[in-house]
1. Out of the residues in segment 60-88 that are in a strand (DSSP E or B) and closer than 16 Å to GLY34 by Cβ, state the one that is farthest from the chain's Cα centre (by Cα).
2. ALA275: touching a residue at least 60 places away in the same chain (Cβ under 8 Å) and either in contact with a strand residue (DSSP E or B) (Cβ under 7 Å, 6 or more places away or on another chain) or assigned to a helix (DSSP H, G or I) (or both), yes or no?
3. How do the pairs read when you match residues in segment 23-43 that are under 11 Å from MET1 (Cα atoms) and part of a helix (DSSP H, G or I) with residues anywhere that are basic (Lys, Arg) and at pLDDT 95 or above, using Cβ under 7 Å and keeping only pairs 6 or more apart or on different chains?
4. Look through segment 6-22, keep the residues that are in contact (Cβ under 8 Å) with a residue 24 or more places away in the chain and part of a helix (DSSP H, G or I), and return whichever of them is farthest from TYR208 (Cα to Cα).
5. Taking LEU222 as meeting all but one of (1) open to solvent by 40 Å² or more (accessible area, probe 1.4 Å); (2) touching a residue at least 40 places away in the same chain (Cβ under 8 Å); (3) in a helix (DSSP H, G or I); (4) within 28 Å of ILE3 (Cα to Cα), write down the number of the exception.
6. So, in segment 190-219, how many residues would count as being within 18 Å of GLU145 (Cα to Cα), part of a helix (DSSP H, G or I) and away from the ligand (no atom under 16 Å from the Cβ)?
7. Identify all residues within segment 121-131 that are outside any loop (DSSP other than H, G, I, E, B) and out of contact with any helix residue (DSSP H, G or I) (no Cβ under 6 Å at 6 or more places or on another chain); write none if there are none.
8. On the given criteria, is LEU92 touching a strand residue (DSSP E or B) at 6+ places or on another chain (Cβ under 7 Å), part of a helix (DSSP H, G or I) and in contact (Cβ under 8 Å) with a residue 12 or more places away in the chain?
Amino acid sequence: MQIHTLDLNYQGKPGVTVAYLIVGPEGPVLVETGPGSTLKTLHERLAQHGFAPQDVKHLLVTHIHLDHAGASGWWARQGTQVYVHHIGAPHLIDPSKLLASATRIYGDQMDTLWGEFLSSPAEQVTPVYDGDEIQAAGLTFKVLETPGHANHHHVYQLEDVAFTGDAAGICLPGSPLRDLPAPPPEFNWEVWQGTIAKIRACNFQRLYPTHAGPVDEVNQHLDEFRELLDAAALFIHDHILKGTGRDELVDIYVQWNRERAAAMGVSGDDFARYATANPFYMSVDGITRYWKKKGVGNS
Ligand SMILES: [Zn+2]
């Protein structure tokens, strides 16, 4: 079994978003598709490993956000079986609600950022549940329920490694910086704490986050990510209590992250790649929504 990282060169930037190609005894399996806008790059990467699209019979997506599953409909239509969280599955078959909600966030940037999102034929979509085992290309992937980033999020375990989607955060190749993708509407602080503990308890030898490449220091990564999760949630909480307005809070949150990055010696270019993987305003909006649901700052 071999695992290859396929860099999708999202928005012309390397090391931002990847898909994973796993070559099993009976052929290739894909984990994640990237968005429609990087489908051509994904095909080129597969070809570099000697595979044509029709060789890919099995595709696992960790969740249905556009940077992870945006091209899944294209694969489903050409005969690939798509495995996806049962909550997300209906939205791959009929993406109208998913696209309407994304359009509210991205507006006229939708096409440039994400490209085409095609619906999937229902028979090509297999809804999966916590604890399920997926048999694909002679490999067994175990499904782990991992909410906190989204309610429709799974981590896929393969032997002693895991494909973590966004559940273990963002860590770009060669960078010491961790980043928290906390988009609205489902970011949930304490639920995500439970997910990190669950991943840590599995003692994986390596993690494969979708942004963007393998992580070997698993415990250190998860501990640092947990610290960031807590710090970011509390940072936004305190600003809501202070009455900081949304746009000002975005500026302050970017500055807070820029200072964290600078303290670690992260270059401006690398910092920009983090912002491409995960625009900071999105986490401000996601964490704010979480606190408002709890009644913080609603007086
Ligand atoms: Zn996501």
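1. The first filter runs over segment 60-88 and keeps only residues in a strand (DSSP E or B), leaving 60, 81-85.
Adding the requirement that they be closer than 16 Å to GLY34 by Cβ leaves 60, 82, 84.
Working: LEU60: 13, VAL82: 17, VAL84: 13 Å.
Here the answer is VAL82.
2. Numbers: touching a residue at least 60 places away in the same chain (Cβ under 8 Å): no; either in contact with a strand residue (DSSP E or B) (Cβ under 7 Å, 6 or more places away or on another chain) or assigned to a helix (DSSP H, G or I) (or both): yes.
No: the conditions fail for ALA275.
3. none
4. Top of the filtered list is GLN11.
5. (1) is the only condition that LEU222 fails.
6. The total comes to 7.
7. Taking segment 121-131 as the starting set, the residues that turn out to be outside any loop (DSSP other than H, G, I, E, B) are 122-128.
Within segment 121-131, GLU123, THR126, VAL128 qualify.
8. Values: touching a strand residue (DSSP E or B) at 6+ places or on another chain (Cβ under 7 Å): yes; part of a helix (DSSP H, G or I): yes; in contact (Cβ under 8 Å) with a residue 12 or more places away in the chain: yes.
For LEU92, the condition - touching a strand residue (DSSP E or B) at 6+ places or on another chain (Cβ under 7 Å), part of a helix (DSSP H, G or I) and in contact (Cβ under 8 Å) with a residue 12 or more places away in the chain - is met.
The values are calculated or read from the model by the stated rules, or taken from the named source; none is laboratory data. None of the values given here were measured: they were computed from a predicted structure. Neighbour counts are summed over all protein chains in view; Cβ atoms, including those assigned to glycine, are modelled from backbone coordinates with ideal geometry. For accessibility, only protein heavy atoms count, side chains too; no ligands or nucleic acids. Shrake-Rupley method; radii C 1.70, N 1.55, O 1.52, S 1.80 Å.
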